[in-house]
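Student: Below is a structure I'd like to ask you about.
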Amino acid sequence: MATNIKHQDLAGLRIDRSASAPEPGPSTWAKVYILVGIGIIVLLGIGVMAYRLLAGSAPEVEVVRATAEGSDSGAVVLTATGYIVAHHKIEANSKVTGRVAWIGVEKGDKVTQGQVLVRLEDKEFRAQYEQARGAADSARAQLEQLQHGSRPEEIQQAENNLSEARATAANDKITLDRTKNLFAQGVLSQQAMDDATAKYEASLQRAHSLEQTLQLSKLGPRAEEIARAKGAVAQAEGQAAYQKSQLDATVIRAPISGTILDRSVEKGELLTGQFASAARPVFSLADLKDLQVELDIAQDDFARLGPKQKGEVTVDAFPDRKYEGQIAEISPEANRQKATVQVKVQILNPDDYLRPEMNSTVKFQAEERKTQSGPSGAFVPSTALREHDGKKIVFIVLNGKAMQREVRVQAQRSGGALVSGLNGGETVITTAPEGLKDGDRIKIKGQS
C-alpha cells in the first residue's frame, strides 16, 4: 500500500511534455506584407518583360536635326553640301631612281618654296656627271685648237723643215749628175745610177710635201673640221647638262610654300623614277590658305546660281564658325549619271581650323535687290517630307515616339526644303518603315 502511494507521488512530480503550450506562428500582418511583396516583384518582372518585348519590336529609324533659318535667311537662295579641297594639291615624285638617304619633313609640317625635303644617295650620279663634264672640256679644247690655227712656232718649224728638204734635194741632184757622168764613162754600174736617181726623186717629193704642209699651216683648218668640232662640243655639253640634271634630281625640293599633307617614303627605301610603272608619290603638298568647297549642284537648282555668287560657308566640325565664300569655278559640263553640275566655291577668309576633306555647307546668297523679304522656318532633307491626306508632314522624335507634324514648303533647297511648322532643332525622321503612324514607339539607329 505504501508502495502504491509512493508511485503516485512520483507520477505527480513528472512533467507532461505532451501537454506543453503550442509554439507561436507568424502574425496576420506579417503574412499580408509577404504576399504584397511577392505581388510587387511579380508585377515588376511582368513590366520589364513587357517593356523589352515592346522595345524590341519598335521599328528602327534614321534621324537628322532640322536647321533653323530666321527671317534674315531670305537672302539664301540655295543650300548645298560638299567637301573642302585644296585649290592646288601637288603630288611630288622622284625624277630618278635611287635610295632615300635623308628625309627632312613630317606630315603636317609647313614648308617654303625651294626647301629641301628629301635627299637620295648620289655617288653614282656625281661620278657620271664628272665624266660627262670632262668629255665636254676635251671637246671644247679641240675646237679652240682648230679655231686658233697653227702657232707661229709651228709655222717656223714647217719652213725650216722645207728648207732642209730643198737643200737635201739640191745635194741629191748634184750626186745624180756626177753619177750620170761616171756611168757614161763606164766607171759606175747601172745600179748606182738607179740608186742616185731614186734618192733625188724622193728628196723632191719630200720637199714638195713639206711645202704643202707649210701652206696648210698658214691657211688653218678647214671649215668642215671646225663644224664637226663644234658639233662634238654641243653633244658633250648636252650630255654633261643631262647628267647634272640627274644629279640635281637626287635633291627633292618643295615646289611651292604650303603644308605637307602626306609622306609615303622612309629612309632606306628605293624610289623609282617618275616615268616607271612602279613610281609612287614621295609626298603631297598643298597651300592651306587657298581652299575651296567642292559641290555637286542638282541640275534643277543650277539656274539659281551665277558666276562670282557669294555664299556663307560652314563646316560640321566647327558649326559656330562662318566663312565668306564666292563661286570661283563652274564645270563646263554636267554629270550625266548624277544629274549634277560641279561648282567650286573659293573660301575668302580661311584659317587654321579648316582642313581638306571636311564636310562643308554653303548657303548661297541672292542679290541685294531680291532680299527685301524672304521666308523663314527650318531646313529639312527631302527624305523627311511625306504626303498624308494631301498635306506635307514630317515625323519628329519626342520621348521615344514618332510624332506627326504638318508643315508647309516655303522654298526648295538643294537636297531638301525650307518649311514652316518647325522651329529648328527638332529631331526629324528621314528613314522609317512603311506604315509609321503618329504616336508609334521607335528606336533611333545606332542608339541602344
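The values are calculated or read from the model by the stated rules, or taken from the named source; none is laboratory data. What you see is a predicted model; the values in this text were computed from it and never measured. Cβ coordinates were reconstructed from backbone atoms using ideal geometry, including for glycine residues, and neighbour counts include every protein chain displayed. The accessibility values were calculated without ligands, DNA or RNA, using every heavy atom of the protein model including side chains. Shrake-Rupley method; radii C 1.70, N 1.55, O 1.52, S 1.80 Å.
Student: Scanning the range 155-171 for residues that are among the charged types (D, E, K, R) and surrounded by 14 or more Cβ atoms within 10 Å (Cβ to Cβ), which turns out farthest from Leu247 (Cα to Cα)?
Tutor: Arg166
Student: In the range 86-105, is there at least one residue being modelled with pLDDT under 90, within 50 Å of the chain's Cα centre (by Cα), among the charged types (D, E, K, R) and part of a strand (DSSP E or B)?
Tutor: Yes, the range 86-105 contains a residue that is modelled with pLDDT under 90, within 50 Å of the chain's Cα centre (by Cα), among the charged types (D, E, K, R) and part of a strand (DSSP E or B).
Student: Could you please tell me which pairs satisfy a Cβ distance under 8 Å, a separation of 6+ or placement on different chains, a first residue in the range 158-180 that is over 16 Å from Gln205 (Cβ atoms) and of a type in the set (Val, Ile, Thr), and a second residue that is at pLDDT 85 or above and open to solvent by 60 Å² or more (accessible area, probe 1.4 Å)?
Tutor: Hits for this filter: Thr175/Lys199.
Student: Taking the condition of being open to solvent by less than 30 Å² (accessible area, probe 1.4 Å) and either modelled with pLDDT under 75 or β-branched (Val, Ile, Thr) (or both), how many residues in the range 56-85 meet it?
Tutor: 9
Student: Among residues belonging to the range 176-193 that are assigned to a helix (DSSP H, G or I) and among the aliphatic types (A, V, I, L, M), point out the one that is surrounded by the fewest Cβ atoms within 10 Å (Cβ to Cβ).
Tutor: Per the stated criteria, the residue is Ala184.
Student: When Asp262 is evaluated against the numbered criteria (1) within 30 Å of Val362 (Cβ to Cβ); (2) part of a helix (DSSP H, G or I); (3) in contact with a Phe, Trp or Tyr (Cβ under 9 Å, 6 or more places away or on another chain), which criterion, by number, is the only one it fails?
Tutor: Condition (2) is where Asp262 drops out.
Student: Taking the criterion of being outside any helix (DSSP H, G or I), in contact with a helix residue (DSSP H, G or I) (Cβ under 8 Å, 6 or more places away or on another chain) and not polar (S, T, N, Q), would at least one residue in the range 114-135 satisfy it?
Tutor: Checked the range 114-135: at least one residue is outside any helix (DSSP H, G or I), in contact with a helix residue (DSSP H, G or I) (Cβ under 8 Å, 6 or more places away or on another chain) and not polar (S, T, N, Q).
Student: If we only count strands (runs of 3 or more DSSP E) wholly inside the range 290-374, which ones have 3 or more residues that are of a type in the set (A, V, I, L, M) and closer than 19 Å to Leu78 by Cβ?
Tutor: Passing ranges, in order: 291-298, 323-330, 340-347.
Student: Moving on. Every residue in the range 223-246 that is in contact (Cβ under 8 Å) with a residue 40 or more places away in the chain and open to solvent by 60 Å² or more (accessible area, probe 1.4 Å), please.
Tutor: Result: Glu225, Lys230, Gln235, Glu237, Gln239, Tyr242, Lys244.
Student: While we're on this one: Considering (1) in a helix (DSSP H, G or I); (2) modelled with pLDDT under 90; (3) among the hydroxyl-bearing types (Ser, Thr, Tyr); (4) open to solvent by 50 Å² or more (accessible area, probe 1.4 Å), say which one Ser277 fails and leave the rest.
Tutor: (1)
Student: If you don't mind, there's one more thing I want to ask. Considering only residues that are modelled with pLDDT of 70 or more and in a helix (DSSP H, G or I), look in the range 213-222 and name the one that is most open to solvent (accessible area, probe 1.4 Å).
Tutor: Filtering the range 213-222 for residues that are modelled with pLDDT of 70 or more and in a helix (DSSP H, G or I), the one most open to solvent (accessible area, probe 1.4 Å) comes out as Gln215.
Student: Right, here's the next one. Does the range 288-313 hold any residues that are more than 12 Å from Gln326 (Cβ to Cβ) and open to solvent by 60 Å² or more (accessible area, probe 1.4 Å), and which are they?
Tutor: Lys289, Glu294, Asp296, Gln299, Asp300, Phe302, Ala303, Arg304
Student: Can you list the strands (runs of 3 or more DSSP E) found entirely within the range 384-448 that contain at least 2 residues being touching a Ser or Thr at 6+ places or on another chain (Cβ under 9 Å) and surrounded by 12 or more Cβ atoms within 10 Å (Cβ to Cβ)?
Tutor: 391-398, 408-413, 416-420, 427-431
Student: Going by the conditions given, is Val251 touching a helix residue (DSSP H, G or I) at 6+ places or on another chain (Cβ under 7 Å), of a type outside the set (Gly, Ala, Ser) and within 30 Å of Tyr129 (Cβ to Cβ)?
Tutor: No, not satisfied.
Student: A further question follows. May I ask you to list pairs of residues, at least six apart or on different chains, whose Cβ atoms are under 6 Å apart, with the first in the range 312-329 being more than 13 Å from Ala80 (Cα to Cα) and the second being assigned to a strand (DSSP E or B) and charged (D, E, K, R)?
Tutor: Lys322/Glu312; Gln326/Lys310; Ala328/Lys344; Glu329/Lys344
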